[in-house]
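First up is the structure itself, then whatever we jot down about it.
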Amino acid sequence: MQVEVALRDLILSDYAKKNNINTSALTQSEIRDIILGAEITPPSQQRQQITEIEKHAKEASQLITVTTRTTIVHRHELIVTTTSPYDQAAFGSKTDWRV
């Protein structure tokens, strides 16, 4: 048991030295992954990736709403509001072929 604990401490201190982090900042799952040799990114890089993902999500939440008004047979009016880029590209009227 003492050898296992010493090896665990050695592995974690080496990882902490390479990535300039404190071993107390690691979670149990990160410690397990480090000891088993799994490739994990340092917490600073993880935080950077998380902020990038959150930034992209925020940009995606600011969608443009497009309202299209079309007059169909017998002067019936069709109003379609689209918010996603897919809907804006996919929406089309049956009368588009006449144009």
Residues of the range 64-91 that turn out to be among the hydrophobic types (A, V, I, L, M, F, W, C) and modelled with pLDDT under 65, as a count: 3
Given (1) among the polar types (S, T, N, Q); (2) modelled with pLDDT under 75; (3) open to solvent by 90 Å² or more (accessible area, probe 1.4 Å), index of the condition residue 95 fails: (3)
Top-ranked residue of the range 1-30 - restricted to ones that are open to solvent by 60 Å² or more (accessible area, probe 1.4 Å) and not in a helix (DSSP H, G or I), ranked as farthest from residue 46 (Cα to Cα): 1
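The values are calculated or read from the model by the stated rules, or taken from the named source; none is laboratory data. On a predicted model such as this, the values are computed, not experimentally measured, just so you know. In case anyone asks, the SASA skips ligands and DNA or RNA and just uses the protein heavy atoms, side chains included. Shrake-Rupley method; radii C 1.70, N 1.55, O 1.52, S 1.80 Å.
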